[in-house]
1. With Cβ to Cβ distances under 15 Å as the rule, what net charge do the other residues near ARG149 carry (K, R +1; D, E -1)?
2. Give the Rg (one decimal place) followed by the Dmax (whole number) of the stretch 37-91, computed from C-alpha coordinates and expressed in Å.
3. Would you work out what percent of the accessible area of the chain, with all protein chains in place, is carbon or sulfur (probe 1.4 Å)?
4. If you bin the C-alpha pair distances of the stretch 85-222 every 10 Å from 0, what whole percents do you get?
5. Can you list the lysines whose alpha carbon sits under 19 Å from that of LYS263, skipping same-chain ones fewer than 8 residues off?
6. Considering only TYR116, GLY152, TYR201, whose Cα is most displaced toward the positive end of the charge dipole of the chain, charges sitting on Cβ of Lys, Arg (+1) and Asp, Glu (-1)?
7. Can you compute 3J(HN,Hα) from phi for each residue in the stretch 197-211, using the Karplus curve 6.51 cos²θ - 1.76 cosθ + 1.60 with θ = phi - 60°, rounded to whole Hz and x for Gly and Pro?
8. Using only C-alpha positions, report the orientation-averaged shadow area of the convex hull of the stretch 35-157, nm², one decimal.
Amino acid sequence: MKFHRALAIPVLVATAALTLTACGGNDDAASGNVVRIGTTDQDHTWQVFEQKAKAEGITLKTTNFSDYNQPNRALAQKQIDVNLFQHLQFLGQYNVADNDTLTPIGATYIVPLGLYSKKHRSVAEIPQGGEIAIPNDPTNQARALNVLRSAGLLKLTGTPRQPTPADIDKGASKVKVTPVDAAQTALSLNSVDGSVINNTYLERSGVDPKSAIYKDDPTDPAAEPYINTLVTRAADKNNPLYLRLVDIWHDPEVQRAEAEATKGTAVEVKRSGPELEQVLARVQQTLRDQK
C-alpha cells in the first residue's frame, strides 16, 4: 500500500523497518547525481521510476519506511533528501506539530475518495434519513463530509475547511452520518445505506473502486489538501536535481505503471511547487486555528 491510498490513517509502528535499495554504479555517485529518497511502498511503479531516473543519470537510493511517521522526520534530520508518500494535509499536520517547514516541490496524483453502497445503485436512490458510515479519524472524516456535501446528501453550517460532524446542518441534510474506525467502513456496507471508504480498505475488502456511486472531484478546491507531492527541506526546494524527479514521475511509462498499481484510481496532478505551497499554507493555518 502506498501511503497516498490510505492517506492520513494514523499508523504507528514501534520500529521502522528500513530497506535500502541502491541503484546504479560509481559513475553516478561520483557525479553527485545521487538522491536519497524515502517512501512507504516500493511497488512496480517505484521500479519504473528508478529506471527512468537511472536513464537520465540520476541514482535513487531509496529508503522504504514501514512507519508513516518516519519519512518526514528522516527528511528533517537530513537522513534523506526527498520523500514521496504523503498528501498536503498530512504534511501540514507534521509541519504544525513539529514546527517544521518541509516543502512540496511538485504534485504527483490524487486518489479520489468514494461513496459505496450495496443497497443503492445511485446517490439519488439513498432515502431521506439514510445512514452513511464515514471514517472517524480527523483527516479522512473531514474529506468524507465534503464528499457527502458535494454529492448533495448533507449540508454544512458555514464553510469549514476541515468539517466535523458538529458542522452538519441536520435539518437541511438528507442523510445521517455514523463515524466508525476506517477499517470498519467497508465492513459496514451490509448494514448501512452507504459508506465512504478509502483505497486501503477497498483493497483489503475486495471492493471494486469502479463500483463507487460517487467520488470527490480531484479538481474541486476542497480536494486540494489531498494532492500527493514530492517533498524536501525548504532550503532545497529549488534544487534542480530534485525538481527533475517531478518531471520523471510524470513520464508516461511511470504513469502507466501507477495506473496499473492503483487499478486506475490515481488521478495524475500537475501542480507546481509554489502552487502547492499556497495550498499547504492554507492547510497549516486551518490546523493552527483549530488548536
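The values are calculated or read from the model by the stated rules, or taken from the named source; none is laboratory data. Values in this document were obtained by computation on a predicted structure and should not be read as measured data. Here the Cβ is made from the backbone with ideal geometry for all residues, glycine too, and neighbour counts use every protein chain on show. The accessibility values were calculated without ligands, DNA or RNA, using every heavy atom of the protein model including side chains. Shrake-Rupley method; radii C 1.70, N 1.55, O 1.52, S 1.80 Å.
1. Values: positive: ARG143, LYS155, ARG161, LYS170, LYS174, LYS176, LYS215; negative: ASP167, ASP169, ASP216, ASP217, ASP220.
Cβ neighbours under 15 Å give a net charge of +2.
2. 11.5, 33
3. Details: 6140 of 12820 Å².
The computed percentage sits at 48.
4. Percent of Cα pairs in each bin: 12, 42, 33, 12, 2.
5. LYS2, LYS210, LYS215
6. It is GLY152, whose Cα lies furthest towards the positive end.
7. 10, 8, 4, 4, 7, 5, 4, 5, 9, x, 7, 6, x, 6, 8
8. Values: hull surface 42.9 nm².
Computing the convex hull of the Cα atoms and averaging its projections yields 10.7 nm².
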